[in-house]
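> Right, I'll just put the structure down here and ask away after.
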């Protein structure tokens, strides 16, 4: 792809995204659905206006790196401890239940044992983007709900990172337990060295030059991408490196300033990520996976709220709050898509299985958003009585 075609591709992507996003806002749809739809329309399996998906996929991958970096920046250990005891058993039990459902459905539709395990693993998580974007923050009731939701989502993210660690620990097409153990052993060393570098190097630079906002911005970018690349070199993933980079800075007073200033850059790359998701979806395979995708999505959308409600009620949460959280966490996650891509690239997952995860994700993103918008308080509710900032 030459310079002019990159410019033309970006023109099509961001102009098209702006047009579809406008329509989505008028019709109260989630914006990420607009980006996925745009990819399907102008990608290689649609009108074929944008066809170099390898480059776009590499660029969009940076969006996931920034997403995990910002997640790490917001992961304050002190704030997490208060809800950890209550949220941890809920996160573990629910994740195992969702994995079991995904595994059974996949086996029933003829996928292999290994594929069914990975499909089941992809079902364990709920969408952080949809969950947080549709959550009111101005009412005390919703602040408590937000704390519980964020705790559950963070714990799911930790589980997801472990799943990615497992998937990335072997050679193409196989799982290497020795390599995984070496990778796990390298993880605490990597974290310790990162914390020491932040304490004795990065924070001193930030304190000395904190008046120069451009420098702080560049330092944050360098730290995020540098640690992502370092993690990749020692056998971890770039995503895990970015997450550790964020956590290592989370206790710094400058962490929220960095988070606020990096969000527009993260959103830029995430638009490309969701576009590439739609563009990579081979519509010709839809007939082969549509029935299992619909069944799996229906089960997730139905059983996730029920399971979360049951577990939250047993953890002494009020019934109304428990149902509210359950429906808000009814979709599967962006991490599910990442697991599908990583497993497919490692030849651990066939094309149909990868597309099954993607199709299930898209269906649950869309329907879960509708359920929340029409029934629960949210900033973009259609009903004035439900609209809350």
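> Would you pick out the residues in segment 234-249 that are modelled with pLDDT of 80 or more and more than 15 Å from the chain's Cα centre (by Cα)?
Within segment 234-249, 241, 244, 245, 246, 247, 248, 249 qualify.
> Residues in segment 264-274: is at least one more than 23 Å from the chain's Cα centre (by Cα), surrounded by fewer than 18 Cβ atoms within 10 Å (Cβ to Cβ) and modelled with pLDDT of 80 or more?
no
> Can you tell me which residue among 364, 378 is modelled with pLDDT under 80, on the phi < 0 side of the Ramachandran plot and touching a helix residue (DSSP H, G or I) at 6+ places or on another chain (Cβ under 6 Å)?
Working: 364 fails: modelled with pLDDT under 80.
On inspection, the qualifying residue turns out to be 378.
> Restrict the check to segment 296-314 and report whether at least one residue is outside any helix (DSSP H, G or I) and more than 21 Å from residue 132 (Cα to Cα).
No: segment 296-314 contains no residue that is outside any helix (DSSP H, G or I) and more than 21 Å from residue 132 (Cα to Cα).
> Something else now. Would you please name the residue that is modelled with the lowest pLDDT, looking only at residues in segment 35-66 that are under 17 Å from the mean Cα position of the chain (by Cα) and crowded, with 20+ Cβ neighbours inside 10 Å?
Going through the qualifying residues, I end up with 60.
> Now for a different question. Scan segment 246-258 and give yes if some residue there is surrounded by fewer than 23 Cβ atoms within 10 Å (Cβ to Cβ) and free of Cβ contacts under 8 Å to residues at least 40 places away in the same chain, otherwise no.
yes
> Would you check if there is a residue in segment 276-292 being outside any helix (DSSP H, G or I) and farther than 22 Å from residue 68 by Cβ? Explain how you work it out, then say what you get.
We begin by selecting, within segment 276-292, every residue outside any helix (DSSP H, G or I); these are 281-282.
Checking the rest, the ones that are also farther than 22 Å from residue 68 by Cβ come to 281-282.
Yes - at least one qualifying residue is present in segment 276-292.
> Still on this model: Report whether or not residue 89 is modelled with pLDDT under 80, over 16 Å from residue 276 (Cβ atoms) and out of contact with any helix residue (DSSP H, G or I) (no Cβ under 7 Å at 6 or more places or on another chain).
Values: modelled with pLDDT under 80: no; over 16 Å from residue 276 (Cβ atoms): yes; out of contact with any helix residue (DSSP H, G or I) (no Cβ under 7 Å at 6 or more places or on another chain): yes.
No; evaluated as a whole, the condition is false for this residue.
> Going through 339, 332 one at a time, which residue ends up being over 19 Å from residue 302 (Cα atoms) and modelled with pLDDT of 85 or more? Show your work before the answer.
On the way: 332 fails: over 19 Å from residue 302 (Cα atoms).
Sole residue among the options that is over 19 Å from residue 302 (Cα atoms) and modelled with pLDDT of 85 or more: 339.
> If you go through segment 193-201 one residue at a time, do you hit one that is surrounded by 14 or more Cβ atoms within 10 Å (Cβ to Cβ), assigned to a helix (DSSP H, G or I), at pLDDT below 80 and touching a helix residue (DSSP H, G or I) at 6+ places or on another chain (Cβ under 9 Å)?
no
> Assess whether residue 81 counts as being over 20 Å from the mean Cα position of the chain (by Cα), crowded, with 22+ Cβ neighbours inside 10 Å and either at pLDDT 75 or above or within 28 Å of residue 311 (Cβ to Cβ) (or both).
In short, no.
> Filter segment 202-212 for residues that are touching a residue at least 12 places away in the same chain (Cβ under 8 Å) and part of a helix (DSSP H, G or I); which is nearest to residue 231 (Cα to Cα)?
Top of the filtered list is 202.
> I've got another one for you. Examine segment 267-281 for a residue that is over 26 Å from residue 7 (Cα atoms) and in contact with a helix residue (DSSP H, G or I) (Cβ under 9 Å, 6 or more places away or on another chain), and state whether such a residue exists.
Within segment 267-281, the subset over 26 Å from residue 7 (Cα atoms) is none.
The answer is no; no qualifying residue exists.
> Can you find even one residue in segment 169-176 that is assigned to a loop (DSSP other than H, G, I, E, B) and modelled with pLDDT of 85 or more?
There is no residue in segment 169-176 that is assigned to a loop (DSSP other than H, G, I, E, B) and modelled with pLDDT of 85 or more.
> To continue, here is another question. Does residue 100 satisfy being surrounded by fewer than 20 Cβ atoms within 10 Å (Cβ to Cβ) and under 15 Å from residue 299 (Cβ atoms)?
Judged against the criteria, residue 100 is a match.
> Check residue 331 against each of (1) in a helix (DSSP H, G or I); (2) under 30 Å from residue 147 (Cβ atoms); (3) within 16 Å of the chain's Cα centre (by Cα) and name the one condition it does not meet.
Just one mismatch for residue 331, condition (1).
The values are calculated or read from the model by the stated rules, or taken from the named source; none is laboratory data. Keep in mind the model is a prediction, meaning the values are calculated, not measured. Using ideal geometry, Cβ is built from the backbone for each residue, glycine included, and neighbour counts are taken over all protein chains shown.
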